[in-house]
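Structure, as structure tokens:
Where a number appears in this text, it was derived from the coordinates with a stated rule and is not lab data. The structure presented is a predicted model; accordingly, all values stated were derived computationally and were not measured. When we count neighbours, we look across all protein chains shown, and the Cβ atoms used for this are built from the backbone with ideal geometry, even at glycine.
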Amino acid sequence: MTAAGLRAERCLAVVLALLLAAPALAQSQGLQARLEGTVEGYGSLAPRTTRKPIPVTLHTSAEGMRAEFHFSTGGSDAYLLKRAEEPRAWWISPKGRYMVPANDASGPYWYDLRQPCDTLQGRCFPAQGEFIAGRLAKGVRYDNARNGPDGTTRGVLWIDSQTGLLLGYRGTVGNRQDSRGFRARQVSYEPLDPALFQKPDNLNSPKGMDD
């Protein structure tokens, strides 16, 4: 190989190393994202049993997660809120003036690109990648996961190959045959209003559980 070829090869290696390091650096600096997509099945991200996909808007950042559901029947303004500093999530309805605690298993939403199993806490295998919401997504097949998306223990998920953001998954829980899933249709990395992750005031909640 010529000297020019060696230099080009070294430059390529440096560029690849920087690209691989960029997602971890970006995540450490606190990425925020807004996703439009659909959910299916029954879980934290699909609060109604239905065969039809439910449109959902997800907001995720270091502040927490907020999932807003858009039911075809309309009428409901309830959304799921999980604040990063709190151990539980909340179903909140400003119109209904209620706020009730919920076990949150809707995430995780951010993964280490090089070691996704550290987040899943299970066994992982490479899966076929896809283009989702205009982003190249890395596929990961998982099994016996203690921290799978939306409480699933086995399935396949796809994460943004540049940021580690969850763009889609399809999985099951334990030995159950019914599956649940999520798939992004649109994603934007943008600053989110901190007010999205604040609990409204003066809502009815179970006694002793409004903190």
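So, counting K/R as plus one and D/E as minus one, what does the shell of residues with Cβ under 15 Å around Arg114 add up to?
Details: positive: Lys138; negative: Asp112, Asp118, Asp160.
Residues near Arg114 contribute -2 overall.
Per residue and in cubic angstrom, what volume does the convex hull of the Cα atoms of segment 153-192 have?
On the way: hull volume 3.5 nm³, N = 40.
Measuring per residue, one finds 87 Å³ for the Cα hull of segment 153-192.
Put a dot 7 Å past each Cα toward the Cβ at Leu136 and Ser188; how far apart are the dots in nm?
2.5
Compute the FRET efficiency between Asn202 and Lys52 as 1/(1 + (r/R0)^6), taking r as their Cβ-Cβ distance and R0 = 30 Å, and round to the nearest 0.05. Present the calculation step by step, with values, prior to reporting the outcome.
Numbers: r = 35 Å, r/R0 = 1.16.
Result of the calculation: an efficiency of 0.30.
So how much slack lies between Ala195 and Glu68, counting 0.36 nm per residue of separation and subtracting their Cα-Cα distance, in nm?
44.3 nm
For segment 96-145, just run the numbers: alpha carbon Rg, then divide by 2.2 N^0.38 Å, N being how many residues it has. Show your work: numbers first, answer last.
On the way: Rg = 15.1 Å, N = 50, 2.2 N^0.38 = 9.7 Å.
Dividing the Cα radius of gyration by 2.2 N^0.38 Å gives 1.55.
Could you work out the percent of alpha carbon pairs in segment 64-211 separated by over 26 Å, rounded to a whole number? Show your work: numbers first, answer last.
Working: 3583 of 10878 pairs.
Here the tail beyond 26 Å accounts for 33 percent of pairs.
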